[in-house]
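Novice: Supplied in structure tokens, the structure appears directly below.
No lab work stands behind these numbers, since they all come straight from the coordinates. As the structure is a computational prediction, the values presented were derived from the model and not from experiment. In this analysis, Cβ positions are derived from the backbone assuming ideal geometry, glycine residues included, and neighbour counts consider all displayed protein chains.
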Amino acid sequence: MPNKSYQRGRAFEYRTKYKLEKEGYIVVRSAGSHTKIDICAFRRNETLLIQCKNMDYVRQNDINEARELANQIGQKIEIWHKKGKIAIMPTFSFSLFQDKADTTDNLSVASVE
């Protein structure tokens, strides 16, 4: 029998899942995976990656881990908790120098209609 904390967290994930489905998303819950993403929600041209926290606040450690993941995958991560949502945006660093092997001289572009 799972402990009470797990049961409450699971119930919060299901409430989040049902809310998103009512809003028209196709929702996948990552059951029992213990990953940083609990729910993936998809709607035309939109993807939500959500970490659910069944508490009134979000620990700084959870924010830092979400920020690290957002940077790794280049996607926004949302942390949903009892009192709201936090969006963690990826930060990018760009190189101003082009690699000599990287050339667009032979690039061909095709239009898709």
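Novice: State, to one decimal in nm, how far the label point of Asp56 lies from the label point of Val28, with both points 7 Å from Cα in the Cβ direction.
Specialist: Modelled inter-label distance: 3.6 nm.
Novice: Using only the Cα atoms of segment 4-88, each taken as one equal point scatterer with no solvent, compute I(q) by the Debye sum, divide by I(0), and report log10 of the ratio at q = 0.12, 0.18, 0.20, 0.27 Å⁻¹.
Specialist: For segment 4-88 at q = 0.12, 0.18, 0.20, 0.27 Å⁻¹, log10 I(q)/I(0) is -0.32, -0.75, -0.93, -1.54.
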